[in-house]
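Chemist: Mind looking over this structure? Questions follow.
The values are calculated or read from the model by the stated rules, or taken from the named source; none is laboratory data. As the structure is a prediction and not an experimental result, all values here were calculated from the model. In this analysis, Cβ positions are derived from the backbone assuming ideal geometry, glycine residues included, and neighbour counts consider all displayed protein chains.
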Amino acid sequence: MKYCKAKALSVAVLAASFIASGAVNYPLGTYIYTGSVMDFRNAVQGADSGLTIHAVSTNGTVLSSCALVDADESGYNFRLEVPVSTFATEKSAAVGDAPNCIIESATGIRSAATTAFPPILCASAVTNCVVKYANAREFDHKGERVLVPEDYIDGIQPWMDAFGHSEYSAADDWDGDGITNYGEYVAGTNPFDPSDYLRVTSFSVTPSAHVLTFEFVGGHLYALQSAESLSNPKWVQTRFVGESGSTQTTAVYEGPEDEDVGQATLYVTPVADTPQRFYKVEVK
């Protein structure tokens with residue numbers, strides 16, 4: 001009896017050793033991540049963004065990739081099919097894994113999304129999610145943290161190199177026109193051209209309107225502010241008419257997307273019993 005017991009124990013140990021070292025990894029299907037990739041402004045990205053989204057394992061292996069497409073009716077612009085198996089390998093994930101989300105630009109630059117993929121619950125299932133693309137860098141500007149898109153900084157990098165600026169600075173005024181680099185970014189003007197900045201180019205008074213003109217940049221939103229004095233001014237947003245002869249007032253002017261720059265003229269109805277009024281245009 002002692003011999004039989006010892007033999008049974010030996011067989012059990014060998015069986016356990018075989019299972020631990022030779023377990024078979026079975027494919028279980030795919031887990032689908034679908035949803036929307038948005039930039040730091042919460043704008044849904046489309047096919048023209050040139051972005052690719054990757055589901056990446058913790059060891060850095062790409063499990064699934066998808067170039068962004070134009071959003072459908074649900075606002076979804078990607079679909080990733082992640083292979084799932086009994087346990088994780090270089091080519092598959094396991095139930096419970098949460099793949100890393102990586103966004104790749106058209107130039108091959110990769111960055112981690114600020115939103116991770118949810119854990120895989122089971123094979124043959126779908127999870128809808130929103131992915132935030134951190135395509136901006138944080139800078140200090142007059143004591144505040146501001147965001148500047150990476151593609152903007154990349155676009156002016158040759159100018160930075162030419163003028164000896166190794167790092168972008170939001171608070172500097174590289175061209176000395178009185179507008180900070182961040183202010184020029186917001187306005188869409190050139191931080192290396194002192195003649196290019198947001199300003200009112202003409203102002204006139206007629207019996208029926210105060211008329212002012214400024215140079216806009218396409219795709220930017222502008223608001224008109226007014227005050228009765230420049231001594232401790234109380235600026236208030238002022239409604240205006242964007243076309244001569246129109247009666248429809250508005251609070252915001254949008255520079256047409258199909259124009260890089262252009263002249264915009266705004267008409268403001270004078271306020272009765274107000275001896276003077278000052279105006280300024282600001283970018284929203």
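Chemist: Within the range 165-206, how many residues turn out to be farther than 30 Å from Ser244 by Cα, loosely packed, with under 14 Cβ neighbours inside 10 Å and either assigned by TED's automatic domain parsing to the domain that holds Phe278 or touching a Leu at 6+ places or on another chain (Cβ under 9 Å) (or both)?
Modeler: Within the range 165-206, residues that are farther than 30 Å from Ser244 by Cα, loosely packed, with under 14 Cβ neighbours inside 10 Å and either assigned by TED's automatic domain parsing to the domain that holds Phe278 or touching a Leu at 6+ places or on another chain (Cβ under 9 Å) (or both) number 0.
Chemist: Then there's this: Determine which single condition Lys142 fails, assuming it passes every other condition in (1) loosely packed, with under 11 Cβ neighbours inside 10 Å; (2) under 22 Å from the mean Cα position of the chain (by Cα).
Modeler: So Lys142 meets the others, but not (2).
Chemist: Out of the range 272-282, which residues are surrounded by 12 or more Cβ atoms within 10 Å (Cβ to Cβ) and either touching a Gly at 6+ places or on another chain (Cβ under 9 Å) or not in a strand (DSSP E or B) (or both)?
Modeler: Arg277
Chemist: Confirm whether Ala223 is outside any strand (DSSP E or B), within 33 Å of the chain's Cα centre (by Cα) and under 25 Å from Glu144 (Cβ atoms).
Modeler: Details: outside any strand (DSSP E or B): no; within 33 Å of the chain's Cα centre (by Cα): yes; under 25 Å from Glu144 (Cβ atoms): yes.
Answer is no for this residue.
Chemist: Report the residue count in the range 177-193 for those that are over 23 Å from the mean Cα position of the chain (by Cα) and either under 24 Å from Thr265 (Cβ atoms) or modelled with pLDDT under 95 (or both).
Modeler: Within the range 177-193, residues that are over 23 Å from the mean Cα position of the chain (by Cα) and either under 24 Å from Thr265 (Cβ atoms) or modelled with pLDDT under 95 (or both) number 4.
Chemist: OK, next. Looking at the range 229-284, which of the residues that are β-branched (Val, Ile, Thr) and farther than 28 Å from Glu184 by Cβ is farthest from the chain's Cα centre (by Cα)?
Modeler: Taking the candidates together, the pick is Thr274.
Chemist: Out of everything in the range 228-245 that is polar (S, T, N, Q) and closer than 14 Å to His210 by Cα, what residue ends up being surrounded by the fewest Cβ atoms within 10 Å (Cβ to Cβ)?
Modeler: Of everything passing the filter in the range 228-245, Ser244 is surrounded by the fewest Cβ atoms within 10 Å (Cβ to Cβ).
Chemist: Residues that are among the aromatic types (Phe, Trp, Tyr), at pLDDT 85 or above and touching a Leu at 6+ places or on another chain (Cβ under 9 Å): find the strands (runs of 3 or more DSSP E) completely inside the range 100-153 holding 1 or more of those.
Modeler: Because the criterion is at least 1 residues that are among the aromatic types (Phe, Trp, Tyr), at pLDDT 85 or above and touching a Leu at 6+ places or on another chain (Cβ under 9 Å), the strands (runs of 3 or more DSSP E) in the range 100-153 that meet it are 136-141.
Chemist: If a residue has to be of a type in the set (S, T, N, Q) and free of Cβ contacts under 8 Å to residues at least 12 places away in the same chain to count, how many in the range 224-239 make the cut?
Modeler: Total meeting the criteria: 2.
Chemist: Would you pick out the residues in the range 104-114 that are buried (at least 17 other Cβ atoms within 10 Å of the Cβ) and within 17 Å of Asn42 (Cα to Cα)?
Modeler: Ala113
Chemist: Additional query: Please work out if Ala209 is buried (at least 16 other Cβ atoms within 10 Å of the Cβ) and either of a type in the set (A, V, I, L, M) or in contact (Cβ under 8 Å) with a residue 12 or more places away in the chain (or both).
Modeler: yes
Chemist: Shifting gears a bit: Take the range 200-210 and flag every residue that is over 14 Å from Gln276 (Cα atoms) and part of a strand (DSSP E or B).
Modeler: Val200, Thr201, Ser202
Chemist: Can you tell me how many residues in the range 115-126 are β-branched (Val, Ile, Thr), over 20 Å from Gly46 (Cα atoms) and surrounded by 15 or more Cβ atoms within 10 Å (Cβ to Cβ)?
Modeler: Looking only at that region, the number is 1.
Chemist: Shifting gears a bit: Which members of the range 226-252 meet the condition of being in a loop (DSSP other than H, G, I, E, B) and not small (Gly, Ala, Ser)?
Modeler: Matches in the range 226-252: Glu228, Leu230, Asn232, Pro233, Lys234, Trp235, Thr238, Arg239, Glu243, Thr247, Gln248, Thr249.
Chemist: Please go through the range 160-198 and give me each residue that is hydrophobic (A, V, I, L, M, F, W, C), over 26 Å from Phe214 (Cα atoms) and not in a loop (DSSP other than H, G, I, E, B), ordered by number.
Modeler: Listed by number, the residues that qualify are Met160, Ala162.
Chemist: Considering each residue of the range 44-59, count those that are under 17 Å from Pro119 (Cβ atoms) and either in contact with a strand residue (DSSP E or B) (Cβ under 6 Å, 6 or more places away or on another chain) or among the small types (Gly, Ala, Ser) (or both), and give that number.
Modeler: Number of matching residues: 3.
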